[in-house]
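Worksheet for the structure shown next.
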Amino acid sequence: MPDNPELIDQYKDELHQLIQRMRNDGIPLDTTRFVFQETTEDLDTMVYSASGLSQDAPEKPEKGH
C-alpha cells in the first residue's frame, strides 16, 4: 500500500501534540526523548523482523505442479 501523505502529516502532528502534552505534564524533554528512542528501537526491530520474514518465507508451489 502506498504512503498517504495526508495521513502521515496527521500522525506527525499527533506526535508533536503528544510531546507537548508530555512537556505540559512536567516530563523533561530528555525523558521524552529517551522514551521516543526506546520506542523507535522497538519499531526498528519490528521493521527488521517483518522484512526478514517476508524474505525468508518459502514460496508457495504453483497448483498443478
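Using θ = phi - 60° and the Karplus curve 6.51 cos²θ - 1.76 cosθ + 1.60, what whole-Hz ³J(HN,Hα) does each residue of the stretch 3-19 get, with Gly and Pro shown as x?
Whole-Hz 3J(HN,Hα) from phi for the stretch 3-19: 5, 10, x, 5, 5, 4, 4, 4, 5, 4, 4, 4, 5, 5, 5, 4, 4.
Sorted by average packing, counted as other Cβ atoms within 10 angstrom per residue and highest first, what order do 41-50, 18-27 take? Provide the component values of the computation, followed by the final result.
Values: 41-50: 10.0, 18-27: 11.5.
Result, highest mean Cβ count within 10 Å first: 18-27, 41-50.
Read the figures in this text as sums done on the coordinates, not as results from a lab. Computed from a predicted model, the values in this text were never measured in an experiment. Glycine gets a Cβ as well: all are built from the backbone with ideal geometry, and neighbour counts include every protein chain shown.
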